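Throughout, read-outs are computed from the coordinates displayed, never taken from laboratory work. Bear in mind the structure is a predicted one, so any value in this text is a computation, not a measurement. Cβ sites come from the backbone with ideal geometry, for glycine too, and all protein chains shown count toward neighbours.
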Amino acid sequence: MVLFVFSGVVFVSGAIGFEMLAGRYVELHGKGNLIYSFFYTCEEFLEMLGIVIFIYAVLMYMVGEFKSFSITLHESKVKSVERVMCTKQKNYVDR
């Protein structure tokens, strides 16, 4: 539960907090400088970090709730468009 709240705080601090700071800075000094780039980068970083923490929290919740968690990936049985096109042209090249 704590990680869910923490992920929201991190995301919102980036989305709203740094957005307000960057907006004020742009009003005073414009966009074309290093400090604005710093604000913009911090804003995006905090938003992405909040999402990563949220995903981690969801996965940890699932493991705790269900006692196990696994993901299985299988190769698709559908032929790719490139393979079908090459077959029609008698060029048997897998891509």
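The phi torsions of segment 19-35, fed into the Karplus equation with coefficients 6.51, -1.76 and 1.60 and a -60° offset, translate into couplings of 5, 5, 4, 5, x, 5, 5, 5, 4, 7, 10, x, 8, x, 8, 5, 5 Hz, rounded to whole numbers, with Gly and Pro shown as x. The distance separating the Cα centre of segment 20-44 from that of segment 1-16 comes to 21 Å.
Using a 10 Å cut-off around each Cβ, can you sort Ser76, Ser70, Ser7 from fewest to most neighbouring Cβ atoms? Before the final figure, lay out the partial values.
Numbers: Ser76 7, Ser70 4, Ser7 20.
Going from sparsest to densest Cβ surroundings: Ser70, Ser76, Ser7.
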